[in-house]
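Written below as structure tokens is the structure these notes are about.
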């Protein structure tokens, strides 16, 4: 089972992936709205059961299977199959593999809450905890869901200590510079869609291919305005015809 500290004391932040000016005022107050205040933990608001998740091909062959998964009883089998096969972190049949929806939702909700607390968005630790409880409740009861890159990437470093090769970029608000972190999961890619530009030359076309591949690596999609590329009716400086 992946290690998740569900009992970490309120207010302790794990987010090393956020920076903020020291004088930024805390301002957001959050009243309990969705998660009942008379329950100790938002995960106590559903009944849990152990299920298997499987993805099969058109002939009934098993493409993916994970047994002994802890799932809210109210979730459909389709939701179970999708979430377990696509969003549970870790190599299957290893101790690092997530095996409970509570691990998945906690990983994301706690990390986002910790970022907000560390960056000074919340007026108090209690407000941050109200935010965590409501966000967790909304995901748990299927009233909302994040996009795939959030489930893929957010919390892997901050909750599990996962590290990866240096390959992405982030905006450092303190230095006002775009920087490349040593660990991409410290500043996880959470956006689903990117729009890119490309110049009308081979160097930039190949740069675009690399950029697209790195966005795909973390589960995002990308579109490009290709109107800058000359058409097949135009000329190349070295002769010949462009492919368009």
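The values are calculated or read from the model by the stated rules, or taken from the named source; none is laboratory data. In this text, all values refer to a predicted model and were calculated from it rather than measured experimentally. Glycine also receives a Cβ, built like all others from the backbone with ideal geometry; neighbour counts cover every protein chain displayed.
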- [ ] Please work out which residue is nearest to residue 236 (Cα to Cα), limiting yourself to segment 206-219 and to residues that are modelled with pLDDT under 90 and surrounded by fewer than 14 Cβ atoms within 10 Å (Cβ to Cβ).
- [x] 210
Open item on the list: So, in segment 101-127, exactly how many residues are under 19 Å from the mean Cα position of the chain (by Cα) and either free of Cβ contacts under 8 Å to residues at least 40 places away in the same chain or part of a helix (DSSP H, G or I) (or both)?
Closed with: 18
Task: Qualifying positions in segment 145-171 - more than 18 Å from residue 91 (Cβ to Cβ) and at pLDDT 90 or above - done: 145, 146, 147, 148, 149, 150, 154, 158
- [ ] Scan 40, 2 and give me the residue that is modelled with pLDDT under 95 and assigned to a loop (DSSP other than H, G, I, E, B).
- [x] 2
Task: Test result for residue 142, modelled with pLDDT of 90 or more, in contact with a strand residue (DSSP E or B) (Cβ under 9 Å, 6 or more places away or on another chain) and surrounded by fewer than 19 Cβ atoms within 10 Å (Cβ to Cβ) - done: yes
